[in-house]
1. If you average 1/r over all unlike Cα pairs in region 15-171 and invert the result, what Kirkwood radius do you get in angstrom?
2. Ignoring ligands, DNA and RNA, what accessible area per residue does region 34-171 give at 1.4 Å, in Å²?
3. On a 26 Å Cα-Cα criterion, which of the cross-link pairs LYS106/LYS167; LYS89/LYS129; LYS65/LYS90; LYS128/LYS167 come out too long?
4. Can you pull out the trypsin sites (Lys or Arg not before Pro) in region 67-171 whose DSSP state is coil and whose Cβ has at most 14 other Cβ atoms within 10 Å?
5. Share of region 91-171's accessible area from carbon and sulfur, percent, 1.4 Å?
6. Considering amide H positions built from the backbone, and no H for Pro or chain starts, which residues 5 or more places from ASP117, or on another chain, come under 5 Å of its amide H?
Amino acid sequence: MSFFAKMGITATMVAVVLAAQAGVFAQIPVTVHPINDSPDDFRFAILPDRTGGIRPGVFEDAIAKIKLLQPAFVITTGDLIDGYTTDAKKWQAEWDEFDRIVSELKMPFYFVPGNHDVSNAVLLDAWKKRRGDPWYSFVYKNVLFVCLHTEDRPFGGLGGEQIAWAKQTLV
């Protein structure tokens, strides 16, 4: 049983927040908006899984509420599209719809892949072309955020390259 399973963490994205100095690594999958920064606040929003029966309007309502809250940035737990297809028209339409909804946010939105988003080689390749690396880190106010790709191996889990990267990142 993995560390994450023992801790009861089942989301496809695991954000590890550590007080540390670190640099930005890799091509980070984030929208191009300035950080909605306030020197006195440390606020960010986490958006959960959107799949498993997308109910029209629910995600859009969450985006509207986040706009009212005005966090510095938004990060997701993955599963942003239904995925599980190799039909380019279908997955492109799903991503286009998602991007349209998220474009309403005027602060950075950090993409993290879930199993639906990268469920096969076609979707993983599309993710890398559209978003960049499926695992990455960034620093906000001297706090390191490590975003892991838990579908890195068949049937889930972190692959060797990602584990080595994570160890190096956390040093």
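The values are calculated or read from the model by the stated rules, or taken from the named source; none is laboratory data. In this text, all values refer to a predicted model and were calculated from it rather than measured experimentally. Here the Cβ is made from the backbone with ideal geometry for all residues, glycine too, and neighbour counts use every protein chain on show. Accessible surface is based on the protein model in full, side chains and every heavy atom, while ligands, DNA and RNA are left aside. Shrake-Rupley method; radii C 1.70, N 1.55, O 1.52, S 1.80 Å.
1. About 16.3 Å for region 15-171.
2. 51 Å²
3. LYS106/LYS167; LYS65/LYS90
4. LYS106, LYS141
5. Looking at region 91-171 in its full context, I get 54 percent from C and S.
6. Long-range HN contacts for ASP117: ASP79, LEU80, ILE81.
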